[in-house]
1. Could you give the alpha-carbon Rg of the chain over 2.2 N^0.38 Å, rounded to two decimals?
2. From the helices alone, meaning DSSP H stretches of at least four residues, give me the mean residue ellipticity at 222 nm for the chain, per-run term -39500 (n - 2.57), in deg cm²/dmol to the nearest 500.
3. Dividing the alpha-carbon radius of gyration of region 67-132 by 2.2 N^0.38 Å (N being the number of residues), what value is obtained?
4. Just the number, please: Stokes-Einstein D of region 34-113 in µm²/s, Kirkwood Rh from C-alpha pairs, 37 °C, 0.692 mPa s.
Amino acid sequence: MISALKRFIADLAGEPEPKPVSADTARLAAAALLYHVIAIDGVVEQDELKRLRVLLKDRFALGDADVDDLVAAAEAADKEAIDLYGFTSVLKQRLDIAERERIVGMMWELVFADGAMHEFEDNLIWRAAELLGVASEARIRLKQVARGDGVA
């Protein structure tokens, strides 16, 4: 996991040619993007962190120790990142549109994990969805589903 974090941070620094993205790098990019959602309002609530752990465990079929490592690596990657492009470009290269929409849906689940949506969170998901190539209609539908007033 640490080597994947080092590679990911090196990739964020920018290399001239895109290299194939490994599953570990994509998993870390997704986790870092999701961690950014819970940290953007300046306070990482326990409800949000708990929901993040559940989402990562379920999505990537990880055990508790692996989730702990991934969350720690995601937090470090988020602190090193200067923008969303480093995360979203990795995901866009590695994932198909359905999987990218799933990431956006997970982002919305995290937003509503603490019972409130902060304007920074809404703006973050709008920007991330655009970078991921997720259509506005899909982003809004996923928001409604996560909020409990829409259908999947």
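1. Numbers: Rg = 14.4 Å, N = 152, 2.2 N^0.38 = 14.8 Å.
For the chain, the normalised Cα radius of gyration comes out at 0.97.
2. Details: 8 runs with 112 residues, N = 152.
The helix-only estimate for the chain comes to -24000 deg cm²/dmol at 222 nm.
3. Working: Rg = 12.3 Å, N = 66, 2.2 N^0.38 = 10.8 Å.
My calculation over the Cα atoms of region 67-132 gives 1.14.
4. Details: Rh = 13.1 Å.
The Stokes-Einstein estimate is 251 µm²/s.
Here, each number is a calculation from the coordinates, and none is a lab measurement. Please read all numbers here as calculations on a predicted model, not as lab measurements.
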